[in-house]
Each structure stands twice: as C-alpha cells, then as structure tokens.
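K.L.:
The structure follows.
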Amino acid sequence: MADLDKCVSLCEKLRSNKVLHKHMQWIFLVITVTGSLLKEMQLLPDWYFNNKRNVLNVYFVKLAWGWTLWLLLPFISISNFYISKKDPVFVLQRLSSLLVGTVVWYTCTHFFVFIEDLTGACYESESMDVIKMDYSSKLACKKSGLFWRGYDISGHSFLLAYSTLIILEETALMSDLKNISQRPPESVRAIVSVFYIALNVLVVIWIWMFFCTSVYFHDFTHKLCGTSFGILAWYVTYRIWYQKPFSPGLPTRQERKVMPNQRRYLQNSD
C-alpha cells in the first residue's frame, strides 16, 4: 500500500502544475499547430510511431473510448460512493457523465464519417487520376479495394483530446478522498489507487499519441477540426451543462461551483 501511495502522490504532484491543470485544452491546440508545422517541414524522421501498426495505435488508440470507459467506470463508482457517504443515487448521477460521453463520442465519430462521405469521391488509385462514380461512400469504395478521398476530420485528434480532458476532470477528486471523515477501507483505497494510477498512465499515452498524430498524420485543418470538436464537447459538458442542477454534476468541488444537489454530500464529507 505504501508503494501505491507514493505513486498516487507522484501523480498528484505532476498534476498540480497549474499550466497543465487549467490550460490543457490550449496545450492540445498548440500541439496541433506546432505538430502540423513540423509535419509540413518534414523535420522529424520516420520511425516506429509514424507506422499505423505500432502497438499503441493498434491496441490503445483504436480502442481509446473503450479504455477510457473501462477505467473510469469503476473509479467514478467507488470514489463517488464514498464521497457521497454511500449514496447510490449520487453515484448513478455521476456515472451518467459516462453515458453523455459515449453519446458525444458516437455522434461525433459518425458525423465525421458523414462529412467524409459527403465531400469525398472514389478513385481507382492513390494518384486520383480515374474517378469511380459507382460509389457514394468510403466504406463501399474501400471494400472494393479502391481509394476514397474526402474531408477526413481527425477522429484521433478528437477522441484523444476529449478522453484526456474527461479523465483529468473525473480524477480530480482523488485528493478529496483523503479528507473525508469516513475513509474507505484500505483494500478499497488500494483498488481506487490502482485505477487512478492506470488512468494517469492512460493520459500520458493519449497525449503522446496525440502528438504523434499531429506530427505524422492528417492535414492541418483535419486535425484542427478534430481537436476543436473534442475541446468543445468537453467545454459544453463540464464547464457549462454540468454546472446546472439537472445534469450529471461536477466531479469535484475544487475551483468550481458546487451544484445544489452535490453540496450536502460535500459538506458532510468535511
């Protein structure tokens, strides 16, 4: 348990940086712009991570929302269970943020596909010399072994930025767990610590792969649009809607408004 506590403390120390804590959304935009410049200037050599078959892309990025959901679900459930003094209604309310996130992810990714189909065309080869008029969607075109070109909003830029911002929001209450009057049993604290550490490792992976996407893949506007969608989705939910009474609510009281339906739980935890 002592080793877990040290790891948790290290994660909290790294996250206490005010620039990272308050301006992560702007950092994503800076990475997108600077990464795109590096890509256009071809300053970085080819290496393992500009291969789409690299292990992080295949086993993590392509399943990014699944990883985010799988790790956040138990963390939010257990941590909010004790923050609220074991109130199941409060826990369900907080878990509904994951449902909202899933709807956002599903809607945006399908919208990106729609835009690519709407703006694209099917070609016989990558040289785009001969257009095939028989195909109206990327899926049908690719199934026939042909090449589709359309406005490809970066799903990676969207999802990696969105997932990172959500994880940072939802794990911010870790320090609150140390200050509640009825602390969880040691075994439960160990489980929460493991998920907290895993989520922070996931954040590192998402930011690294976001950088790799920026410097090696997609056009600049494709990445900028994807990143902007991710930031906008986070901002509308956590910084606007979740501050309203009828919402999943915010995960922590620190540096944020406390919701009326959260106040009594948080006051009881002091």
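The values are calculated or read from the model by the stated rules, or taken from the named source; none is laboratory data. Quick caveat: nothing in here was measured; it's all calculated off a predicted structure. Note: ideal-geometry Cβ built from the backbone for every residue, glycine included; neighbour counts use all protein chains shown. Note: areas computed on protein heavy atoms with side chains; ligands, DNA, RNA excluded. Shrake-Rupley method; radii C 1.70, N 1.55, O 1.52, S 1.80 Å.
K.L.:
From the list Leu71, Leu29, which one is over 22 Å from Leu224 (Cα atoms), modelled with pLDDT of 80 or more, surrounded by 15 or more Cβ atoms within 10 Å (Cβ to Cβ) and not polar (S, T, N, Q)? Spell out the reasoning first.
P.N.:
Values: Leu29 fails: over 22 Å from Leu224 (Cα atoms).
Of Leu71, Leu29, the one residue that is over 22 Å from Leu224 (Cα atoms), modelled with pLDDT of 80 or more, surrounded by 15 or more Cβ atoms within 10 Å (Cβ to Cβ) and not polar (S, T, N, Q) is Leu71.
K.L.:
When you look at Lys52, is it among the basic types (Lys, Arg), more than 28 Å from Glu186 (Cα to Cα) and surrounded by fewer than 12 Cβ atoms within 10 Å (Cβ to Cβ), yes or no? Spell out how you get there, then give the answer.
P.N.:
Details: among the basic types (Lys, Arg): yes; more than 28 Å from Glu186 (Cα to Cα): yes; surrounded by fewer than 12 Cβ atoms within 10 Å (Cβ to Cβ): yes.
Against the criterion (among the basic types (Lys, Arg), more than 28 Å from Glu186 (Cα to Cα) and surrounded by fewer than 12 Cβ atoms within 10 Å (Cβ to Cβ)), Lys52 qualifies.
K.L.:
Then there's this: Limited to region 74-88, what total is found for residues that are surrounded by 20 or more Cβ atoms within 10 Å (Cβ to Cβ) and either acidic (Asp, Glu) or outside any helix (DSSP H, G or I) (or both)?
P.N.:
The first filter runs over region 74-88 and keeps only residues surrounded by 20 or more Cβ atoms within 10 Å (Cβ to Cβ), leaving 75-76, 79-80, 82-84.
Still in the running and either acidic (Asp, Glu) or outside any helix (DSSP H, G or I) (or both): 84.
Adding up the residues that qualify gives 1.
K.L.:
Looking only at region 150-175, which residues are surrounded by fewer than 18 Cβ atoms within 10 Å (Cβ to Cβ) and closer than 19 Å to Ile76 by Cβ?
P.N.:
Ser175
K.L.:
Can you tell me which residue in region 99-149 is least open to solvent (accessible area, probe 1.4 Å), limited to those that are among the basic types (Lys, Arg) and in a helix (DSSP H, G or I)? I'd like the intermediate steps shown before the answer.
P.N.:
So the first thing to find is which residues in region 99-149 are among the basic types (Lys, Arg), and the list is 132, 138, 142-143, 149.
Those still in the list that are in a helix (DSSP H, G or I) too: 138, 142-143.
Values: Lys138: 66, Lys142: 112, Lys143: 163 Å².
Out of the qualifying residues, it is Lys138.
K.L.:
If you check Ile153, Ile191, Ile180, which single one turns out to be part of a helix (DSSP H, G or I) and hydrophobic (A, V, I, L, M, F, W, C)?
P.N.:
Numbers: Ile153 fails: part of a helix (DSSP H, G or I); Ile180 fails: part of a helix (DSSP H, G or I).
Residue meeting the stated conditions: Ile191.
K.L.:
Can I ask one more? Hey, Leu199 hits all of (1) open to solvent by less than 60 Å² (accessible area, probe 1.4 Å); (2) part of a helix (DSSP H, G or I); (3) at pLDDT below 95; (4) of a type in the set (A, V, I, L, M) but one; which does it fall short on?
P.N.:
Result: Leu199 passes all but (3).
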